[in-house]
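As structure tokens, the structure follows; a few thoughts come after it.
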Amino acid sequence: MEKIPMTPKGLKALNDELKNLKVVERPAIIQAIAEAREHGDLSENAEYHSAKEKQSFIEGRIKELEGMISLAQVIDPATLSGAIKFGATVKLVDEETEEEKMYQIVGEQEADIHNGLLNIASPLARALIGKEEGDSVEVKTPGGTRDYEILEIIYA
């Protein structure tokens, strides 16, 4: 199996979600199923079927999280420097609009573009990897070609 790159913060988020599912959600759904069973005929018991469906989702997510955590390759950005690599926070300026943006290049599991977490497999991240401060990059996006200048690279 291929390792999944992620930051320490990303691994912590996965572990926190897993702990919540095992300690809070799983016991709550087991209790809900037990209560629904007490209502009698299970074939027409919507509460029971809903609880069983939620239990199935929770168990599936637990297995998914355990798999991701077991394959995690944690890369601490604070230990890196130099050209843009996984984990770097990059300050860019759009050369056309002069709009400045900050992105951290993270793994697929952590990516959240609205919070500045850029998937390493995205066109922008692929264009940035290996570049230095002051470099310009041309990025082909579904909305057309964009040009960015790299203002700052931060490893923290």
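The values are calculated or read from the model by the stated rules, or taken from the named source; none is laboratory data. Please read all numbers here as calculations on a predicted model, not as lab measurements. Here Cβ is always computed from backbone atoms with ideal geometry, including for glycine, and neighbour counts include all displayed protein chains. Just the protein is used for accessible areas: all its heavy atoms, side chains included, with ligands, DNA and RNA removed. Shrake-Rupley method; radii C 1.70, N 1.55, O 1.52, S 1.80 Å.
For segment 54-128, relative contact order (Cα pairs under 8 Å, six or more residues apart, normalised by length) works out to 17 percent. Straight-line cross-link reach from Lys91 at under 24 Å between alpha-carbon atoms covers these lysines, not counting any fewer than eight positions away in the same chain: Lys9, Lys101, Lys131, Lys140.
Nonpolar atom fraction for the chain, defined as the carbon and sulfur part of the 1.4 Å probe accessible area, stands at 50 percent.
Dividing the helix sum by the residues of the chain, where each DSSP H run of 4 or more adds -39500 (n - 2.57), gives a mean residue ellipticity at 222 nm of -11500 deg cm²/dmol. Counting only heavy atoms of the protein chains and using a 1.4 Å probe, Lys131 has close to 70 Å² of accessible surface. Note on exposure: Met1, Met6, Met102 ranked by accessible area (1.4 Å probe, complete protein assembly) read Met1, Met102, Met6, with the most exposed listed first. Helix 26-37 and the long axis of the chain differ in direction by around 30°, with both axes built from C-alpha atoms.
Mind putting a number on the dipole of segment 1-109 about its Cα centre? Charges go on the C-beta only, +1 for Lys and Arg and -1 for Asp and Glu, and I need it in Debye to the nearest 20. Write down the numbers at each step before the final one.
Values: 14 positive and 21 negative charges, 134 e Å.
That gives a dipole near 640 debye.
What separates the Cα centres of segment 97-130 and segment 41-65 is a distance of 36 Å.
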